[in-house]
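As structure tokens, the structure follows; a few thoughts come after it.
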């Protein structure tokens with residue numbers, strides 16, 4: 001089973017919506033969503049260490065989905081993701097803009113964990129946008 005899944009695509013194509021939909025499907029008690037573009041999240045690698053501590057404190061060793069939106073905003077994010085995969089019972093889904101999270105970087109960062117799966121989001125059709133607006137998350 002692939003433990004790290006990258007979701008890559010152009011800006012404003014529904015990557016965040018997809019992550020939030022995963023959280024809805026697996027249950028909020030089984031998932032943690034972190035938006036790294038949020039201005040309240042410092043752009044320092046130390047914030048990832050703090051997140052690890054909090055996640056382990058709150059959820060222990062049980063299986064958990066980590067939904068990391070725009071994690072490439074944090075320096076050395078890939079080392080942290082690999083460490084989380086090696087030390088915990090996590091399924092990690094990473095989203096990022098195709099211009100910032102290239103295939104080469106994903107393969108180098110995540111190795112064989114993510115290279116088997118490609119998920120690229122393309123711009124939405126008007127009908128998809130209307131469905132998303134009427135959907136509750």
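The values are calculated or read from the model by the stated rules, or taken from the named source; none is laboratory data. Fair warning: this is a prediction, and the values are worked out from it, not measured in the lab. Every residue, glycine as well, gets a Cβ built from its backbone with ideal geometry; the counts of neighbours run over all protein chains shown.
List of remarks:
- Residue in the stretch 31-45 that is at negative phi, modelled with pLDDT under 95, part of a helix (DSSP H, G or I) and touching a strand residue (DSSP E or B) at 6+ places or on another chain (Cβ under 8 Å) present: no
- All positions within the stretch 63-82 that are out of contact with any helix residue (DSSP H, G or I) (no Cβ under 6 Å at 6 or more places or on another chain), surrounded by fewer than 21 Cβ atoms within 10 Å (Cβ to Cβ) and farther than 20 Å from residue 13 by Cα: 63, 75, 76, 79, 82
- Breaking point among (1) touching a strand residue (DSSP E or B) at 6+ places or on another chain (Cβ under 6 Å); (2) exposed (fewer than 14 other Cβ atoms within 10 Å of the Cβ); (3) part of a helix (DSSP H, G or I), for residue 57: (1)
Yes/no per residue for (1) part of a loop (DSSP other than H, G, I, E, B); (2) within 19 Å of residue 17 (Cα to Cα); (3) modelled with pLDDT of 90 or more; (4) over 15 Å from the mean Cα position of the chain (by Cα):
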residue: 48; (1), (2), (3), (4): no, no, yes, no
residue: 85; (1), (2), (3), (4): no, no, yes, no
residue: 101; (1), (2), (3), (4): yes, yes, no, no
residue: 131; (1), (2), (3), (4): no, yes, no, yes
residue: 137; (1), (2), (3), (4): yes, yes, no, yes
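- With respect to (1) at positive phi; (2) touching a residue at least 24 places away in the same chain (Cβ under 8 Å), the lone exception for residue 60 is condition (2).
- Residue list for the stretch 43-62, restricted to those being over 13 Å from residue 89 (Cα atoms) and out of contact with any helix residue (DSSP H, G or I) (no Cβ under 9 Å at 6 or more places or on another chain): 44, 46, 47, 50, 53, 54, 57, 58
- Residue match in the stretch 37-46 (condition: surrounded by 17 or more Cβ atoms within 10 Å (Cβ to Cβ) and under 14 Å from the mean Cα position of the chain (by Cα)): no
- Just one of the numbered conditions (1) closer than 28 Å to residue 127 by Cβ; (2) modelled with pLDDT of 90 or more; (3) assigned to a loop (DSSP other than H, G, I, E, B) is not true of residue 11: (2).
- The number of residues in the stretch 1-30 being out of contact with any strand residue (DSSP E or B) (no Cβ under 7 Å at 6 or more places or on another chain) and within 18 Å of residue 90 (Cα to Cα) comes to 8.
- Of the numbered criteria (1) closer than 30 Å to residue 127 by Cα; (2) surrounded by 15 or more Cβ atoms within 10 Å (Cβ to Cβ), the one residue 28 fails is (2).
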